[in-house]
Structures are given as structure tokens and as C-alpha cells.
Amino acid sequence: MAEEAAAKSESKLDRLRKRRPWLDHLFRANERYSQQYGAHYAAAVTYFSVLSLVPMLMIGFAVAGFVLSSQPQLMDELKTGITEAVPGTLGNTINEVVDQAIESKGTVGVLGLLTAAYSGLGWMSNLRDALTAQWGHAKADLPFLKTALKDLVALVSLGVALVVSFGLTAIGAGFAELVLRWVGLDGVWWAELMLKIGTIVLALVANWLVFLWVLAKLPRRPVGWRSAVKGAAAAAIGFELLKQVGTIYLSSVTSSPAGAAFGPIIGVLVFANLVAQYLLFITAWTATARENLVKEPPPAPAPAVIRPVVEVRSGPSPRAAAGLVGAGLLLGALFRRR
């Protein structure tokens, strides 16, 4: 009867979660994401991500200044590409900014490096704290200098991983196009389709390697590579989908002059926040897998209460007294006969 009553009290969703382990896993991940303030951490990561864009662009302009100063033809092609890509007078404004940044490339590069170090450390610190929280670990009180040094090493390592990832994707795509030209299949539709599929697969593999490193090495407590494999695969696929959606969104919001001015900024904010939330949710999904769940110890029994019972009697009970009197009379009668 008790089991039937418990079964009736379960909701349809509870029964569905028992029958579908993957659905139960998603609900566990969502509960962990909400309990560990995933949206708040994603907002902090988004803020520092956008803040880091400015110094990174400054460094990019400085590098471009050193490279393009002796290549005026490439400089003209860059300005022409900006003018064609950005509608209205915004393209001319960006070209003026590029000219000023290239002219003062030394100062811009130094300021960019200093600002990038500050904003990058803030971004990495919040990202590592966010990933650690999704694993259910409380934020520990760590030494400032030691933590900052570790965050700097992690930031540089992540930058190297991203460069290697994008480099592999670009080199792989370029090499595939070169092979098509060599074999005479350049322009053939099925060969172009295979090249497109291969490029996507290569990008997924590169993203998987990056996310595998992020999920396994960025949390402040060690995480096994095996635990992060599935999460990295899901993150890589989701990131590619988000990139496609972001491309469509940016092309739609920049179709008007007002959208060209404000659309990219809003688009970067939205895209960065979506990526941050998705990454933290994937981390929560990885942390709540069956093999990573920490078994809760059985509840401790209630404390034992010892209550000694002490009875103090002043004399024998009436029944015992009557028995003693009877025994005395019997013994007395026996002694008299002797």
C-alpha cells in the first residue's frame, strides 16, 4: 500500500525522469547551474570578455602597424575591405581610427598590453571561479599573488590553445583547397561539398581540443580528462551552432545605418553572454554525470538518550509482607513441634 501511495504521489515529470536518464541528467545540470548562480557568473565573464576586446584590438592594430608599414598595398586593401564591409560613413571613421592607431603603434601596443593584462586576468579569474562553482566547490581563500600568477599562466595557455586551434582550422582548409587544385577538382560541386564538410569537421575537432582543456584544466580543483571528454564534445558542437546563429544575427542587425552603428556592439554582448552561459551549463552537465556525482553519506541516526529509572521503596509491598508473615508462622509451628 505504501509503495502504491508513493507511486501515485509522483508527478508525470518524475516518472519520465526515471525512464529517461538523459532527461534526468539535463534536469540535474539545470539545478546545479541555478544553485551555483550560473547566470550571474556568465554576466561577469561577459563583461570582462567585452572589456578585453578593446586592448586586444589595440594590440592587433599595433601589430598591423609594424607589419603593414612596409606594405602600403596591403594597407590599401585593408582600408578598401573595411569600406566595403561597413556601410555608410562608419567605414571611413574606422579607417581613420586605423590610421591613428598605426601612426602611434608603439604607444598603442604598450597600453594595449597593460590593459589586456589587467582585463585578461579579471576575465580568467571570473571564468575559473565560475567553472569551479559549477563543480559544486566553494570559493576558497587563496593567496593573491600565487592565484594571479596561475591565472596569468592559464590565460597565456588558453591564448596559445586558441591560436593553435584557429591555425589548424585555417591551415587545414587552405591545404584542402590546394589539394583540390592539384588534382583538378577545383569548382566541382561534390568536391567543394566534401571540402566544406571536412572544414566543419576540422573546426569541430579544434574546438573540442580547446574546450577539453578548458573543462579539465581551468577549474581551480583538478578534473580528470575522462570526465571532460563528453562535455567538450557537446561544447564544441554547440559553439559551432552559436557561431552560425551569431553570423546570421549580425548580418541582419547591420543591414541599416543605425544597426551598423550599434548592432555589432549589441551582437558581441549577446554572443559573448550566450557562449558564457552555454559553457557554464555544459560544465554543470559534466559535473552532474553519474560518474562524477558524490555519493551522499547515509544520514546519522538520532542521538541516543539514556534515561535511567531509579525506584526507591521504603519497605516491602503488602503482598511480600504477607508472604513473609506466613513463612514465619509456618517456621514457628515447625519448631514448636520439635
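Brief remarks on what is shown
- With R₀ fixed at 51 Å, the C-beta to C-beta distance from residue 249 to residue 305 puts the FRET efficiency at about 0.20.
- In this structure, residue 194 and residue 269 have a Cβ-Cβ separation that, at R0 = 25 Å, corresponds to a calculated FRET efficiency of about 0.10.
- Among 149-161, 231-243, the order from most to least packed when residues are scored by Cβ within 10 Å on average: 231-243, 149-161
- Among the listed pairs 196/243; 150/217; 18/230; 139/217, those with a Cα-Cα distance over 19 Å are 18/230.
- Taking a point 7 Å from the Cα of residue 25 along the Cα-to-Cβ direction, the residues of the stretch 216-232 with backbone N closer than 13 Å to it are 227-232.
- Subtracting the Cα-Cα distance of residue 15 and residue 209 from 0.36 nm times their residue separation leaves 66.1 nm of extension gain.
- Modelled this way, with points 7 Å down the Cα-to-C-beta line, the labels at residue 40 and residue 183 are 5.6 nm from one another.
- Modelled this way, with points 7 Å down the Cα-to-C-beta line, the labels at residue 152 and residue 221 are 2.8 nm from one another.
Computed from the coordinates by the stated procedures, all read-outs in this text should not be read as laboratory data. Because the structure is a prediction, the values reported are computed rather than measured. For neighbour counting, all protein chains shown are included, and Cβ atoms are generated from backbone atoms with ideal geometry for every residue, glycine included.
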